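Everything on this sheet refers to the single structure shown next.
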Amino acid sequence: MNIILGVSGGIAAYKSAELARAFMERGHAVQVVMTAAAEEFIQPLTFAALTGRKVITSLFGSRTSEEVLSSSVEHVRVAQEGDVLVVAPATANVLAKFAHGLADDFLSTLYLAFEGRVVLAPAMNTNMWRHAATIRNLEALRARGHTIIEPEEGMLACGTIGPGRLADVEKICDAALTAPLRDLEAETILITAGPTQEPLDPVRYISNRSSGKMGFALAAAAVARGARVILISGPVHLDTPRGAELVRVRTAVEMRDAVMKHLAESTIIVKSAAVADYHAANVSGQKLKKKAERLSLELDPTPDILAELGQKKGGRLLIGFAAETQRLLEEARRKLKSKNCDMIAANLVGQDNTGFESDENEVVLALSTGEAINIPRGSKRAVAERIFDEALRLRLALHAVR
Ligand code: CTP
């Protein structure tokens, strides 16, 4: 394997020398890329000696104009040749640059040009690790399907005790070398996500608290496992997983039309969107004016996309969601039957730490075989992976029956 080892500036930079050696000992080729800050902590010569290759240290560091020109495309060449990009230690700054797509040095430019698997091993001060900005950045990177090797707890260089120490070198090495699962390569997966917005007038709408995080996590997981992903999403504030084809919609009717348009191409459909059940019978062309008396709105039901899919699915695997505040499994089984699905993933909403806006979820899967499977609380990405594991198992079971 061709491994690109990114080293950014932190006390733990010396441990990346051990990591480079571990990769080499296992028979892999290693190209080291150092940030300018990393050079303050460790000499490029150390890595050059360990890997037998010239270490790349900066984007525009070369002297002659020819050298500047050739180095300005080198990040593309290195990106194309690498199978996996491992950054250890990954500082808060590198995480932020990657999350936002900044490209002001060789490593961050290479990252944008790189299409393979990304493994990040952060190391930093505990407060930096827990900062809301870092949490958001990690969330965005996880949503893109990158593997984050969480730092360990311990005494840090700054004297504090807490999480922030670079993970064990063997652990980073194993994560980088583990072949990713590509068991969805033959699939085209249609995923709906987020809320829908049903306009009342030019400035107001009916909607719900769905953040889209579950659907986007499903999309990232499916892309990482090799699927072609068509992600049909209502209005959300999330980064689109790299490789997913995003179709933006606003209303339930628009979502229905987009889903039906792409139905023929799909092999698996996952309806994680929280579709509004009602829309205004008459949308006002002008802003509704405030009056003293009570206002009643006339609402009509929106098309039930999942139920329509249940009628048209053919041999496709149809997975619905159910957001409930009570009687989880009972409701899931009712929807499974009434909408002719193969699986319903049901989760409790209206609680603090799972459901709509949360980064975590906990679901019960009701299967058409009669089974019920509990997926314990975990990140939405972890739950997404389990849903696909169970979906593939279910399809095998259904085919065996037919
Ligand atoms: N759904 C849909 N179209 C709708 C409403 C819901 O496709 N107009 C889908 C959702 O994407 C989800 C599933 O149906 O996969 C269940 O959604 P939920 O709101 O929990 O169920 P409802 O059918 O609306 O039932 P209820 O309101 O009675 O709970």
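The values are calculated or read from the model by the stated rules, or taken from the named source; none is laboratory data. Keep in mind the model is a prediction, meaning the values are calculated, not measured. Cβ placement follows ideal geometry from the backbone for every residue including glycine, while neighbour counts extend to all protein chains displayed. When the accessible area is computed, the model is the full protein with side chains, heavy atoms only, and any ligands, DNA or RNA have been set aside. Shrake-Rupley method; radii C 1.70, N 1.55, O 1.52, S 1.80 Å.
Flag not set for Leu95, criterion: out of contact with any helix residue (DSSP H, G or I) (no Cβ under 8 Å at 6 or more places or on another chain), modelled with pLDDT of 95 or more and assigned to a helix (DSSP H, G or I). Within the range 295-314, the set of residues being more than 11 Å from the ligand (Cβ to nearest atom) and either of a type in the set (A, V, I, L, M, F, W, C) or at pLDDT below 95 (or both) comprises Leu295, Ser296, Leu297, Leu299.
Here the condition is being among the basic types (Lys, Arg) and crowded, with 19+ Cβ neighbours inside 10 Å; of Lys312, Lys271, it holds for Lys271 alone. Hey, any hits in the range 233-245 for a residue that's open to solvent by 70 Å² or more (accessible area, probe 1.4 Å) and within 16 Å of the ligand (Cβ to nearest atom)? No, there is no match, as no residue in the range 233-245 is open to solvent by 70 Å² or more (accessible area, probe 1.4 Å) and within 16 Å of the ligand (Cβ to nearest atom). Going by what's in this entry, would Phe106 be described as in the same structural domain as Glu18 (by TED's automatic domain parsing), more than 26 Å from Glu385 (Cα to Cα) and among the aromatic types (Phe, Trp, Tyr)? Taking the combined requirement at face value, the residue satisfies it. Within the range 207-226, is even one residue open to solvent by 60 Å² or more (accessible area, probe 1.4 Å), in contact with a Pro (Cβ under 7 Å, 6 or more places away or on another chain) and part of a loop (DSSP other than H, G, I, E, B)? No, every residue in the range 207-226 fails to be open to solvent by 60 Å² or more (accessible area, probe 1.4 Å), in contact with a Pro (Cβ under 7 Å, 6 or more places away or on another chain) and part of a loop (DSSP other than H, G, I, E, B).
Regarding Arg228, is this residue closer than 25 Å to Val363 by Cβ, outside the structural domain of Phe356 (by TED's automatic domain parsing) and not aromatic (Phe, Trp, Tyr)? So Arg228 fails the test. For the range 139-160, a residue qualifies if it is free of Cβ contacts under 8 Å to residues at least 12 places away in the same chain and either on the phi > 0 side of the Ramachandran plot or surrounded by 13 or more Cβ atoms within 10 Å (Cβ to Cβ) (or both), and the qualifying residues are Gly154, Gly159. Among the residues of the range 34-52, is any within 28 Å of the chain's Cα centre (by Cα), modelled with pLDDT under 95, surrounded by 13 or more Cβ atoms within 10 Å (Cβ to Cβ) and among the β-branched types (Val, Ile, Thr)? The answer is no, given that none of the residues of the range 34-52 is within 28 Å of the chain's Cα centre (by Cα), modelled with pLDDT under 95, surrounded by 13 or more Cβ atoms within 10 Å (Cβ to Cβ) and among the β-branched types (Val, Ile, Thr). Residues in the range 246-263 that are outside any helix (DSSP H, G or I) and open to solvent by less than 60 Å² (accessible area, probe 1.4 Å) were compared, and the one that is nearest to Pro301 (Cα to Cα) is Thr251.
Checking each residue in the range 258-294 for being more than 9 Å from the ligand (Cβ to nearest atom) and among the aliphatic types (A, V, I, L, M) picks out Ala258, Met260, Leu263, Ala264, Ile268, Ile269, Ala280, Ala281, Val283, Leu288, Ala292. Within the set Thr192, Thr188, Thr178, Thr196, the sole residue that is β-branched (Val, Ile, Thr), under 24 Å from Ala252 (Cα atoms) and open to solvent by 10 Å² or more (accessible area, probe 1.4 Å) turns out to be Thr188. Just one of the numbered conditions (1) open to solvent by less than 20 Å² (accessible area, probe 1.4 Å); (2) part of a loop (DSSP other than H, G, I, E, B); (3) of a type outside the set (A, V, I, L, M) is not true of Asn282: (1).
Looking at the range 315-380, the strands (runs of 3 or more DSSP E) lying wholly inside it that each contain 3 or more residues that are surrounded by fewer than 21 Cβ atoms within 10 Å (Cβ to Cβ) and more than 9 Å from the ligand (Cβ to nearest atom) sit at 360-367, 372-379.
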